[in-house]
1. Could you tell me which residue of the stretch 161-194 is farthest from V264 (Cα to Cα), considering only residues that are of a type in the set (S, T, Y) and out of contact with any Leu (no Cβ under 6 Å at 6 or more places or on another chain)?
2. Within the group S166, S136, S150, which residue is among the small types (G, A, S), more than 19 Å from L80 (Cβ to Cβ) and touching a residue at least 40 places away in the same chain (Cβ under 8 Å)?
3. If you check K151 against the conditions, is it part of a loop (DSSP other than H, G, I, E, B) and in contact with a Ser or Thr (Cβ under 7 Å, 6 or more places away or on another chain)?
4. Can you find, within the stretch 1-49, the residue that is modelled with the lowest pLDDT among those that are in a loop (DSSP other than H, G, I, E, B) and β-branched (V, I, T)?
5. Could you say whether any residue in the stretch 275-287 is β-branched (V, I, T), surrounded by 11 or more Cβ atoms within 10 Å (Cβ to Cβ), assigned to a loop (DSSP other than H, G, I, E, B) and at pLDDT 95 or above?
6. Within the stretch 177-206, count every residue that is closer than 16 Å to I229 by Cα and among the β-branched types (V, I, T).
7. Name the pairs: first residue in the stretch 45-58 and closer than 10 Å to L214 by Cα and touching a residue at least 24 places away in the same chain (Cβ under 8 Å), second residue aliphatic (A, V, I, L, M) and surrounded by 16 or more Cβ atoms within 10 Å (Cβ to Cβ), Cβ to Cβ under 7 Å, at least 6 apart or on different chains?
8. Could you grab me the full set of residues in the stretch 89-111 that are in a helix (DSSP H, G or I) and touching a residue at least 60 places away in the same chain (Cβ under 8 Å)?
Amino acid sequence: MSKILLDILSNATSSVDTTRSSIFLPYSNIQSTNTYKNFVSNGNKGSIFENREYKIKIRNRLLGQSHRDILDVIFSEKLLKRTTNNEHYAEFSLYFILKKLGKSQGGKNRDFLKEKIQDLVDVVISLERFYGSSNSWSDIHILDKAQYSSKNNKFIIKFSSDYINSFKTDTLVNYDKYLPAILAIRNDTIKSFVRYVLANDFINFQLVYVLEQLGINTKAIGTRQLNKIKKTIKDFDLSVFGITITDSEQVSYNKQNDINFWTVDTELKKAGVSQQVVSASAQANNTLLKNSYDQASGITIY
């Protein structure tokens, strides 16, 4: 089953659950927000974000669009691998990820990337769906482990089995064609808005409603700040994504032909998972994963 699951995940950019919930917040500077201040004052023990589809509880770290960017690159570039022990991991250089993110190779950006990867290890997420599948997440990490080789400027990261298994009850989305344009967006509220819309087949909502789905408390931030956020989005050229916003602030979108959705559970059943055998490449990856960890030096993240 893991071989088929890996093949399915390798054709995805993201998933509906992780894109339409508030796991990845829509703020460029999370630490300057009241959300972050409340999170810290609560001892990082948990912040709850809720929209019409999901209720999310986040502990230890708050995640933003920069974390989503890294995961999107890993999946879209097909860096995900597996071992016969059903461990899913990725190995990559700092240079490669920073280049895909459109960032320079300076020390500040290298530190930035290391920090974001550590956040993906530390964060603990619980997710409750209000509709559809009753399966929910309970206290899962995205990454179990990450190690960095300062000699090779290379990371190896191991995904949590709970996180990988969560996709089995999720719907995957491939927006690879639009990922470069998304990564080029410098405002994280716009970036979050675009990702949310693209994770839908159809949208015809008021802009303020969409902002609330992103996790923005439109009633608490005040009229001036809300109008500023709306203007920032309306002034951005969204035509490349097929998104329009009318003068009355109605957001309209129909799924683009080059964006694809599929349900993992359905695809696994189609593939007949019980008949699959372990591939030689997966067996080789057992040794590769172990050797990579043994050779890594510098910082170790758990």
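1. Once the filter is applied, the top-ranked residue is T189.
2. S150
3. In short, yes.
4. T33
5. No, the stretch 275-287 has no match at all.
6. Of the residues in the stretch 177-206, 4 are closer than 16 Å to I229 by Cα and among the β-branched types (V, I, T).
7. F49/I56
8. L94, K100
The values are calculated or read from the model by the stated rules, or taken from the named source; none is laboratory data. All figures in this text were calculated on a predicted structure; none of them were measured in a lab. Backbone-built Cβ (ideal geometry, glycine too); neighbour counts: all protein chains shown.
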